[in-house]
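What follows draws every value from the coordinates through simple rules; no lab data is involved. Since the model is a prediction, treat every value here as computed from it, not as a measurement. All Cβ positions, even for glycine, are placed from backbone atoms using ideal geometry, and neighbour counts span all protein chains on display.
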Amino acid sequence: MAEINDPRIIAVVQRLVANRGIGPRNTVGSLFRKVDGKWLWFAYTLEDELRPEGVKVYGATCIEAGIYNMAVTYSPHFKRDTVAIAPRFEAKTSFAGLRMHGGNTEADTLGCILIAYKVNPQFTAIQSSAEKAWTSWVEARGGGLLLVENKQLEGMDYVAKFGAFPNKLL
């Protein structure tokens, strides 16, 4: 699998694995983009529950960690262009039709990655959609690769220690 220093990767989602139980069946993370060789925080992410490897509950499981192709395409569901993400051909996944779009809670996603600029203190919801800016940024680059990582941290311990959710790569 490609690593974070792979020049083909232009974006990273880092999820705190310990989020299980913080919010009602959701997984919160941070989205970073590479600008001039530096990783910069862009937005918070929210997905469905992180489940053990190989376990998938339709509409209630976040995507597997790994490398995904990103491209801006028209979404018949949303009736606008959004960032579509698809597993690399070597990945074995049961997820299809994935998007990165706005939303607030795990009720707004069926396996997609929700993106927004704010997260509430309980990590149960995100707000202030980052979809339009993210779609424009990915489109300007002609797409690229997204790395999705699970970080083995105690989410609440991190927040208690630093006073906020991570806004830098871990």
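Each residue of the stretch 56-69 is assigned a 3J(HN,Hα), and the resulting list reads 9, 10, 3, x, 9, 9, 6, 5, 6, 4, x, 9, 10, 7 Hz, derived from the Karplus form 6.51 cos²θ - 1.76 cosθ + 1.60 (θ = phi - 60°), x at Gly and Pro. Karplus-derived 3J(HN,Hα) values for the stretch 111-123, using 6.51 cos²θ - 1.76 cosθ + 1.60 with θ = phi - 60°, are x, 6, 9, 7, 10, 7, 8, 10, 10, 6, x, 8, 6 Hz; glycine and proline are entered as x.
Counting Lys and Arg as +1 and Asp and Glu as -1 over every other residue whose Cβ lies under 13 Å from the Cβ of residue 104, the net charge comes to -3. Kindly flag which residue pairs out of 34/118; 79/151; 38/132 have an alpha-carbon separation exceeding 26 Å in this structure. In this structure, 79/151 lie more than 26 Å apart at Cα.
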